[in-house]
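K.L.:
Handing you a structure now.
The values are calculated or read from the model by the stated rules, or taken from the named source; none is laboratory data. Fair warning: this is a prediction, and the values are worked out from it, not measured in the lab. Using ideal geometry, Cβ is built from the backbone for each residue, glycine included, and neighbour counts are taken over all protein chains shown.
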Amino acid sequence: MSQSRAVAFVVKEFEEMLPPIVFFAIGFNLVELTTQLILDDYLVRFANYLIATMAALIVGKAVLVANLMPVIRRYDNAPLIRPILFKSVVYTIIVLLVRILEKLVEYFIGGGKLAEIPEYMAEHFTWHMFAAVQIWIFVLFLIYTSVSEVDTRLGKGALVRMLFHRRSPTTQPT
């Protein structure tokens, strides 16, 4: 692969990855903020926002990887609700698996043993918090996928033009 093709590939990947990263960075940081407001009586910890932003980078990459799977396009020609729900569920399941795998890796790095996983999960896993975050992830995927699918149906970039560019005098209502 020539250097210019490699640079073009990296630029294309970055352009595809940027919208989900920005969206989920904002979304995850809002989840973190609301969690802090509720649990810590308005105390803010900066490190948690960095973790939320890093999670958005992982989710952005997960969206790109999921989009490479042929099954993700299963309902692309169906009514809009089907691809929105299907993709949101697929993305959410992928993130769920990554989150569980992340906890297991932490467990093994800490010296955990394979046979003790069920005990560890029962005693040290915060299921309520895990479920709450997973629900928020699903809601964020619903929003992200809805906007993305509408933009695709209108023509890539049309939604951005509609939201952020001035209308020409001929298209403004009288």
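K.L.:
How many residues does segment 1-32 contain that are of a type in the set (Lys, Arg) and farther than 21 Å from SER148 by Cα?
P.N.:
To start, the set of residues in segment 1-32 that are of a type in the set (Lys, Arg) comprises 5, 12.
Keeping just the survivors that are farther than 21 Å from SER148 by Cα gives 5.
Total meeting the criteria: 1.
K.L.:
Among SER88, SER148, which is the only one that is under 19 Å from ALA25 (Cα atoms), surrounded by 13 or more Cβ atoms within 10 Å (Cβ to Cβ) and in contact with a Pro (Cβ under 8 Å, 6 or more places away or on another chain)?
P.N.:
On the way: SER88 fails: in contact with a Pro (Cβ under 8 Å, 6 or more places away or on another chain).
Every option except SER148 fails the conditions.
K.L.:
Output the residues belonging to segment 100-145 that are among the charged types (D, E, K, R) and either under 21 Å from PRO19 (Cα atoms) or exposed (fewer than 14 other Cβ atoms within 10 Å of the Cβ) (or both). Break it down stepwise before answering.
P.N.:
Start the filter on segment 100-145 by keeping residues that are among the charged types (D, E, K, R), which leaves 102-103, 106, 113, 116, 119, 123.
Passing the criteria: GLU102, GLU106, LYS113, GLU116, GLU119, GLU123.
K.L.:
Where residues in segment 23-47 are crowded, with 16+ Cβ neighbours inside 10 Å and at pLDDT below 80, which of them is nearest to PHE130 (Cα to Cα)? Before you say what the answer is, go through the steps one by one.
P.N.:
The initial filter retains those residues of segment 23-47 that are crowded, with 16+ Cβ neighbours inside 10 Å, namely 23-25, 27-29, 31-32, 35-36.
Applying the additional criterion that residues be at pLDDT below 80 yields 35-36.
Values: THR35: 12, GLN36: 15 Å.
Here the residue is THR35.
K.L.:
Evaluate the following for LYS113: is it among the charged types (D, E, K, R) and out of contact with any helix residue (DSSP H, G or I) (no Cβ under 8 Å at 6 or more places or on another chain)? Talk me through it step by step, then tell me what you get.
P.N.:
Details: among the charged types (D, E, K, R): yes; out of contact with any helix residue (DSSP H, G or I) (no Cβ under 8 Å at 6 or more places or on another chain): yes.
Yes; evaluated as a whole, the condition is true for this residue.
K.L.:
Being of a type in the set (A, V, I, L, M, F, W, C) and modelled with pLDDT of 85 or more narrows it down to one of LEU64, LEU80, so name that one. Lay out the reasoning, then the answer.
P.N.:
Details: LEU64 fails: modelled with pLDDT of 85 or more.
Just a single option satisfies the conditions, and that option is LEU80.
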